[in-house]
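The values are calculated or read from the model by the stated rules, or taken from the named source; none is laboratory data. Every value quoted in this text rests on a predicted model; they were computed, and no experiment measured them. Calculation scope for accessible area: heavy atoms of the full protein, side chains included, ligands and nucleic acids excluded. Shrake-Rupley method; radii C 1.70, N 1.55, O 1.52, S 1.80 Å.
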Amino acid sequence: MMSCGHLAEMHTSAIYIVGAREPGIARGMGLKTRATVEEALEDAKRKIVGPNPNILALPRTFTTAAVHLCMKDPAQNSHYRDDAPAHPCGC
């Protein structure tokens, strides 16, 4: 859940953790916790995004290897802006 801290602050309106084993830790980091995906979607629709949300769902994020997301325009990837070496996927 530590990886969500920067995302929640800088790039999203909210991040929901569904089915957290220790929801107090997630809430302490500013994340929203709900028991089910349906409950999280209804809460987000009601409080944040309205009836037609754009959603990125990563169902196995904290149970498998790390997720790597890249922008279509490589210049928008942080490693490109920071002169860091490119990721092995080429983005």
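Got a sec? What order do Met29, Met10 fall in by accessible area at 1.4 Å, biggest, i.e. largest, first? Please list the in-between numbers first.
Values: Met29 65, Met10 115 Å².
Greatest to least solvent exposure: Met10, Met29.
Amide H to amide H distances under 5 Å link Ile17 with Lys32, Thr33, Arg34, where only residues 5 or more positions off or on other chains count and H is placed in the peptide plane.
Run the accessible area of region 14-58 with a 1.4 Å probe and give the carbon-and-sulfur part as a rounded percent.
Working: 1660 of 3210 Å².
Percent of accessible area from carbon and sulfur atoms in region 14-58: 52.
Of the whole protein surface, Val49 contributes about 70 Å² of accessible area at a 1.4 Å probe radius.
For Asp73, Asp43, write out the residues from largest to smallest accessible area, computed with a 1.4 angstrom probe and no ligands counted.
Values: Asp73 75, Asp43 5 Å².
My answer, sorted largest first, is Asp73, Asp43.
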